[in-house]
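Worksheet: the structure to be examined is printed underneath.
The values are calculated or read from the model by the stated rules, or taken from the named source; none is laboratory data. On a predicted model such as this, the values are computed, not experimentally measured, just so you know. Every residue, glycine among them, receives a Cβ derived from its backbone with ideal geometry; neighbour counts consider all protein chains shown. Remember, those area values only see protein heavy atoms, side chains included, never the ligands or the DNA or RNA. Shrake-Rupley method; radii C 1.70, N 1.55, O 1.52, S 1.80 Å.
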Amino acid sequence: MTATALRVRARMLLHQDLPAPEERRAIRQAAGLSQGELAEAIGVTRQAISNWESGARTPKGSHLERYVAAIRTLRSAD
């Protein structure tokens, strides 16, 4: 498999690991984090987190990677 195909596959898997918007919010809240705290941890704005949790927008690129990693981490902290 080519390097490009591997990157596409990895990106597809990230999208599969991204929970529904309402579940994203519940995971963050269960961890006791505000939108601002999560935003600071992954290097985005609080408004970006708000948009992702409301379903108005979907993270892309490196933001998607960092957000999914954060969600995975918060889930495993339960």
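Carbon-plus-sulfur fraction of the accessible area of the chain, 1.4 Å probe, in percent?
Values: 2560 of 4860 Å².
Within the chain, the accessible surface is 53 percent carbon and sulfur.
Helix 21-30 versus the longest principal axis of the chain: what angle, 0 to 90°, nearest 10, using Cα atoms?
Rounded to the nearest ten degrees, it is 50.
Could you state the accessible area per residue of the chain in Å², with a 1.4 Å probe and every protein chain left in place?
Numbers: 4860 Å² over 78 residues.
Counting only protein heavy atoms, the per-residue value for the chain is 62 Å².
With point charges of +1 on the Cβ of Lys and Arg and -1 on the Cβ of Asp and Glu, referenced to the Cα centre of the chain, which listed residue (Q47, Q16, A69) lies farthest in the positive direction of the dipole?
Q16
Could you compute the net charge surrounding S34? Neighbours are other residues with a C-beta less than 12 Å from the C-beta of S34; K and R count +1, D and E count -1. Kindly include the intermediate steps, with their values, before the conclusion.
Numbers: positive: R25, R28, R46; negative: E37, E40, E53.
Local charge sum for S34: 0.
When the Karplus curve 6.51 cos²θ - 1.76 cosθ + 1.60 is applied with θ = phi - 60°, which whole-Hz ³J(HN,Hα) does each residue of region 45-62 get, with x for Gly and Pro?
Running phi through 6.51 cos²θ - 1.76 cosθ + 1.60 with θ = phi - 60° gives 8, 4, 5, 4, 4, 4, 5, 5, 6, 8, x, 5, 9, 10, x, 9, x, 5 Hz.
Would you tally the net charge around R7, using a Cβ to Cβ cut-off of less than 15 Å, leaving R7 out, and scoring K and R as +1, D and E as -1? Intermediate results must be reported in sequence, preceding the final value.
On the way: positive: R9, R11, K60; negative: E65.
Surrounding charge for R7 is +2.
What ratio of Cα Rg to 2.2 N^0.38 Å holds for the chain?
Values: Rg = 12.8 Å, N = 78, 2.2 N^0.38 = 11.5 Å.
Here the answer is 1.11, to two decimals.
Give me the net charge of W52's neighbourhood, meaning all other residues with Cβ under 13 Å from the Cβ of W52; Lys, Arg count +1, Asp, Glu -1. Please list the in-between numbers first.
Working: positive: R24, R25, R28, R46, R57, K60, R66; negative: E22, E23, E53.
Net of charged neighbours comes to +4.
Can you pull out the trypsin sites (Lys or Arg not before Pro) in the chain that DSSP calls coil and that have at most 12 other Cβ atoms within 10 Å? Write out the running numbers ahead of the final one.
Working: sites: R7, R9, R11, R24, R25, R28, R46, R57, K60, R66, R72, R75; in loops: R57, K60.
Of the trypsin sites (Lys or Arg not before Pro), the ones in loops of the chain whose Cβ has at most 12 other Cβ atoms within 10 Å are K60.
So if R0 is 22 Å, what FRET efficiency would S76 and E23 give, r being the distance between their Cβ atoms, rounded to the nearest 0.05? Present the calculation step by step, with values, prior to reporting the outcome.
Working: r = 15 Å, r/R0 = 0.68.
The formula returns an efficiency of 0.90 here.
What residues have an amide H closer than 5 Å to that of R57, excluding those fewer than 5 places away on the same chain, when H is modeled at 1.01 Å from N in the peptide plane?
Correct list: W52.
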